[in-house]
Every structure is written in C-alpha cells, then in structure tokens.
Amino acid sequence: MDRLDTLLEQLLNQELSEEEEAEFKALLLNSAEARRRFWDASEIDMMLREHHDAERPPPPTVAAAAAAKKKWTSPVAFAVSICLLGILLLLGWQALFNQSRNQEPKHGFVGAPMAEVSGSRDTTWQQLPKQFEGPLPAGEYHLQTGITQLHWPSGATAALQGPAHFVLKEAEVLDLLAGQAGLHVPEGAIGFIVRTPNGDVVDHGTDFGVRVADNKTDAHLFAGEIEVVSGEQRLRLSDPGAVAFRDATDFSTDGSAKPASFPLPRQERILAVTSGFDQPARWGSGRPQDFGIWDGDAAEVVSSFGGVRPKEGSGMLRFIASAAGKTSPSELIASQHLYWIDIAPYRHLVERGAVSISLACSFNRVKGDRSTDTQFGILANIYKGSGVKDAEEIQQFTKKLHTNANEKDWERVEINGILPPECTMIELEIHAYENITNNVQSGEIEFAGHFADSLEGRLMVDLRAGFWPEDEILQMEKGR
Amino acid sequence: MRNYGKIRAFVGSLVRDPVATEDIVHNVFLVVTKKADSFKLGTNFTAWVFSISRFEVLRHFDKSKKQPRWLSQELLDMLVSEAPEVLGDSSRQVALRRCIEKLSPRSKQLIHHRYMDGMKTGAIAKSINWTPQAVSVTLSRARVALRECVEKQIRREGWA
C-alpha cells in the first residue's frame, strides 16, 4: 500500500487532514496515473455505498409516516387523505401513537411518542438506525448526519440537519441543544416552542429557522410571526428578520433572514386559486390587473346547463365566448380566463429551488354534434418581477385535453413543474378552444356548453438541507 | 434513470457529501431534461452529461462555499476530462454485487461495517480489536480486489 493508497483511503473515510489534502492534491495534479487510481477507488466506493443503501432494510414506520411519504396520485386520493388527516387530528394522535406503543420498540426507546420522524435523507443517529422513520418517545437524541423531519400531533414540522442534539420531553416543544432546524407551523399549531439553552422561540403561526451554536441562538423569521423569550426579555418579530441572543442581556438583530441557511421541512401549501367556482363572479373585463381575481373573456358561473351538472359544489364556470362581449364572435380561437397567483408568501421556499407546483382543473362539455368544440387547456405562465404590471415571463407549463361527449364525465388536466428560484408570481389560464371551427355568426354564442370546475393549486416543498455559513463553521471549530 | 448511477458516481466522487450529491444529481436531471433538445445525436452523451454535472458541482461549491481544499479548479478540470466513460454503469453495479460475495469473510465484514453500518476506521478497529492501520489496509485491498473482479466480470460477460 503506497502513499497514494493511504491518502485515497483517508479521502474515502473523510479523514484527510489539511496537510494531507495538500499532499493529495499535488499527487493528483502531477500524475495521470494517480488521477486514474482516484477514479478507480472512488467509483468502487460510490458503488458500494449505492449497493448497501439499496440493501438496507426499510426503517420502521407507522401508518401516518407511510401516508406522509406517499406521493399523491390523484386529487381524490389527496382530498381523502387530507380528510383522514383531519379526522386523525381530531381524534388525537395519541391514539395512533398508542397503537405503535404496543409494537416491539426497534430503537431501544420506550414510552409514549412525543413526535414522529416522517422523513429522512441520509440520516445517521447516535442511538437510532440509519434512515430511521417512525414515532419518537421522550428522550435525548443525537442526529449525526443528514436531514430528518419531525412531525408533531398539532401539525408542526421541523427539519433538523445533522449534527444536531435535541430532547423531546414536553408536548409541542422541541428542545434544541445544538444544531439547526427549519420549522413550518400551520395556523392550528400556533404556540409551538423551540427551547434552546439561551431562551425560547415561540411560534405565532409561521415559518422560521433556529440555530444553536457557539453558545448562542439565532432565530430567523421567514414568514408569519415569532416571539423570542429569554428571562424577562421578550422580542416579537413580525417581519422577516433575524435575532441572535445569548441571554436576556445579550440580544441583537441583524435585520436579514437567511432561509437558505436552514433545512427545509417537506410540506404542501394549498394555493388561494383553489376554487369550485361556486360563487357568482364578474367576468368579461379582460386580463385581471391584480392578484386573487378571476377575469378574462365572457363567462359565467352556472349551477346546471344543457344537462351538465357541476363536478362538485353548487357551481361551475361556463365558457361563453372568445372575446369579452358575450355575443361578439371573434377571430380568436380560445375563451381564456386568468388568475394571478402571488408567490411572495412562498419566496423563502421557492428561492431554494425546492418547490414544485401542481395546478389541475376538470373540464366537461355538452354532447353537441360534429361541430361542437372539444378541446380545453390549462397554462401556468411563470413570471418574475415586483407586480403584475412589470412582470417578465420566464417559463410556461401547459397541457391540453380533448374531451369526450359524455356529459357525466368530468375530465381532469394537471400540470406540474419545478418553479424557477426567481419566480415571484404565476398567471394561471384556463381555456376552452374553438378547435372544430369558428363558425358562429354575429349574435350567436360561440361555445354551446363548455365548463370548468374543481380547480386545485398546490405547492409541494421537498426536504432540503441548509448550509452553515462559513464563518460560523469556523467559529464552531474554534470553540471545540 | 438509466444514467442515475453514472451521474451519482461522478458527482459523489467529487463532492463526497451524500446529501449534497443527491441535490446536485437532482439538478443535473432537471438540466438534462430541459436541455435535451440541444443534445446533438451522434455526439458523446456521457461527456455531455458529465459537462452538465461539472457545472452543477461548481455551482454547488460556489453556493455552499464548501469546495474541498484538495480539489482546485485546475484539478477538477483534469479529473472531469479523464473521468472513465463507464463510471458507475449499471452493468458494473450488477458485477459488483457478485464480486462482494467472493470477498473473504474478514474483508466482507469490514466492508459491511464501513458501508452498511457507516462506521469510521477507528470505530471498526475498536469493534474488532484491530489497529486502525490494519483496518485501512484491509479495506483498501478489498476495494482493489473488488475493482479487479468487476473488470473481470465485465470482460467475461462481454459487457465491455
């Protein structure tokens, strides 16, 4: 075994010292043979990792964890799952956890679960199996590497990035002794506390990050509101920003929150665009000039038309014409309806490149005859900019559908895509197309009976690592 | 996903951080999908994917400020240009599985401790009452033996 073999071994074990790194670099720079041996050793190392990752038995899970991990395959499944989750919350997670208590503990910890590990990426623990997922009873835990997601009965979620040291002993409290966590606390879970050696970070419905290192706590607010409490000192943050504190006498705010520094919990957000078209609305004014308003060509909300009933609720959108006026046939071939979605509340998530969007709509039409139009479509125009008037389009997702003649058959179209990190707003369009022929005369209605219903919009956020700011790593190393 | 193992082996070799590797590989797939139309049929697909991977690795180093000290820009470019085209091929993964079965029980045990249990050299040495040096040498020899076995298997099966 020559010197290069020794250094390669150190590299693969991530044990190269600073001097050894310099020596290793020099060897590789000066020898093609050394570089070939680097690739040989490294490839086997990577393939061994992959092989053993695949061989590793699946971690223990409970039904909720499995459900949380399952990808939604249909809106019905999604809706049913949301309902089931709601019922579970109402009945109390304790019942679910009691069930798991009867199972053989696989990690040596016993007792009523305080939270559940509902996601993991490359995690290694001091006390738990690699990639552990399942209920966690009260206890002290050391996450060595990777990211783990904890889920509390209230719905609060935290992504913790190793190395992290934490304790679970009180309901809806994360005692973070060292390391960093990114948290998402939905409205129903307000009051969730991250307790640190320097004080508490109390949630008031929000997204935030907490880091404990170098004898101090950093709390970064990304959205919503938090309160930092240390002794008699209380500081409420209601705008995105950061506070660092050691104790009641040592508080400082540096003003800027850094979402990318913190791990990101896996989560879903339902967008305000979600609509059953059950409320009367004003249509036909052209392109909407602000967020949260539907507008476009002539249309109306109806409860029944030509034998077609809404897919759900009391109303559905009826496309009337491809121009703003109801009875003015146009040379245009689509009846378009638009809605601006403001992405500002989700910027801290989107800018991480970890957010995918799903927009879906169901369409139907009257049976009609051979000249009845059949085609519908959905588009998402992705924009950057500060407002709808100066928006610059950067990407487009689109999908079209040819509907059948069965009036009872609502057909669903869904578009999915990763949002570019610079996205600030989305213009959603739903279309009915005159794909057969633009054959109407003045005074006639262009679309014989064409409808949209059950519009769904959601953002799906992936579990992501944050990065430790370099200066803080150095400080931590010095402190050891 | 036929190229997943290839890209993972390429990126992981340079980044040596499992979480970052997964993120970068994910980004590479996004870029490859987005730019699929710009790939010229008849040119070297692996080289094209590796060049995208190189860019994403650099972007990661730039963003995370975690470029390994040993991996200078000059060395990175050398390694990328010399990366074996067969790196991480699925046929090599299949061959590796067979070769692991051929390792001596002791080597197999050390490989298991290292990759299945995630133990570092020192911890392995302590658990089996060896010196860390002896563990390093055995692990290194086991990897060399595995590589030679993979090459033999590939030649015998006519995959190469």
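The values are calculated or read from the model by the stated rules, or taken from the named source; none is laboratory data. Remember, predicted model here, so these are calculated numbers, not experimental data. Note: ideal-geometry Cβ built from the backbone for every residue, glycine included; neighbour counts use all protein chains shown. Keep in mind that these areas ignore ligands, DNA and RNA; they rest on the heavy atoms of the full protein, side chains included. Shrake-Rupley method; radii C 1.70, N 1.55, O 1.52, S 1.80 Å.
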query = Per residue, how many Å² of accessible area does the stretch A:191-329 show with a 1.4 Å probe?
reply = 42 Å²
ask   = Where only protein heavy atoms count, and the probe is 1.4 Å, what is the accessible area per residue for the stretch A:108-173 in Å²?
value = 29 Å²
message = What translational diffusion coefficient, to the nearest whole µm²/s, does the stretch B:89-157 have by Stokes-Einstein, given a Kirkwood radius computed over alpha-carbon pairs, a temperature of 4 °C and 1.567 mPa s viscosity?
response = 103 µm²/s
task = Would you give the gap between the C-alpha center of the stretch A:115-133 and the C-alpha center of the stretch A:219-298, rounded to a whole Å?
result = 29 Å
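Are there any trypsin sites (Lys or Arg not before Pro) in the stretch A:157-219 that are in a DSSP loop and have at most 14 other Cβ atoms within 10 Å? List them by number. Display every interim value, and only then the final one.
On the way: sites: A:K169, A:R195, A:R211, A:K216; in loops: A:K169.
When the trypsin sites (Lys or Arg not before Pro) of the stretch A:157-219 are filtered for loop state and at most 14 Cβ neighbours within 10 Å, A:K169 remain.
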inquiry  = Quick check: net charge around A:D278, other residues with Cβ under 10 Å of its Cβ, Lys/Arg +1 and Asp/Glu -1?
reply    = -2
request  = Identify the trypsin sites (Lys or Arg not before Pro) of the stretch B:1-46 meeting these criteria: DSSP loop state and at most 16 other C-beta atoms within 10 Å of the C-beta.
outcome  = B:R2, B:K35, B:K40
Nearby aspartates and glutamates by direct alpha-carbon distance to B:K34 (threshold 16 angstrom, same-chain neighbours under 8 apart not counted) = B:E56
Magnitude of the charge dipole, the stretch B:4-70, Cβ model with Lys/Arg +1 and Asp/Glu -1, debye to 20 = 180 debye
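Could you report chain B's accessible area per residue, 1.4 Å probe, as an integer in Å²?
Per-residue value: 52 Å².
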request  = State to the nearest 20 debye the size of the charge dipole of the stretch B:89-157 about its Cα centre, where the only charges are +1 on K and R beta carbons and -1 on D and E beta carbons.
outcome  = 100 debye
query = How far is the Cα center of the stretch A:144-198 from the Cα center of the stretch B:81-135, in Å?
reply = 35 Å
task = Could you calculate the contour length gain from B:N129 to B:S104, that is, 0.36 nm times the residue separation minus the distance between their Cα atoms, to one decimal place in nm?
result = 7.2 nm
ask   = Short version: which residues of the stretch B:55-86 lose at least 50 Å² of accessible area, all chains versus chain alone, 1.4 Å probe?
value = B:K66, B:R69, B:W70, B:L75, B:L79, B:E82
Using alpha-carbon coordinates, inclination of helix B:18-34 to the longest axis of chain B, degrees = 30 degrees
key: Volume per residue that the Cα convex hull of chain B spans, once the total is divided by residue count, Å³   = 138 Å³
inquiry  = Net charge around A:S238, counting only other residues with Cβ within less than 12 Å of its Cβ (Lys, Arg = +1; Asp, Glu = -1)?
reply    = -2
remark   = Along the dipole axis of chain B (charges at Cβ: +1 for Lys and Arg, -1 for Asp and Glu; origin at the Cα centre), the most positive-end residue among B:F39, B:G88, B:S64 is B:G88
ask   = With each pseudo-label sitting 7 Å past Cα toward Cβ, what's the B:R155-A:N416 distance in nm, one decimal?
value = 4.5 nm
key: Portion, in percent, of the accessible area of the stretch B:4-70 that falls on carbon or sulfur, probe 1.4 Å   = 58 percent
query = If you roll a 1.4 Å probe over the stretch B:89-157 with all protein chains in place, what percent of the accessible area is carbon or sulfur?
reply = 51 percent
ask   = Of B:K66/B:K120; A:K311/A:K367; A:K311/A:K399, which sit over 18 Å apart, Cα to Cα?
value = B:K66/B:K120; A:K311/A:K399
query = Can you list the aspartates and glutamates whose alpha carbon is less than 12 Å from that of A:K130, not counting same-chain residues fewer than 8 positions off?
reply = A:D53, A:D122, B:D117
ask   = Efficiency by 1/(1 + (r/R0)^6): what FRET value for A:D53 and A:K408, r their Cβ-Cβ distance, R0 = 51 Å, to the nearest 0.05?
value = 0.60
request  = Leaving out ligands, DNA and RNA, calculate the buried accessible area for the pair A and B with a 1.4 Å probe, summed over both sides, in Å² to the nearest 100.
outcome  = 5000 Å²
task = Go through the stretch A:207-237 and name the GluC sites (Glu not before Pro) that are in a DSSP coil and have 10 or fewer other Cβ atoms within 10 Å of their Cβ.
result = A:E232
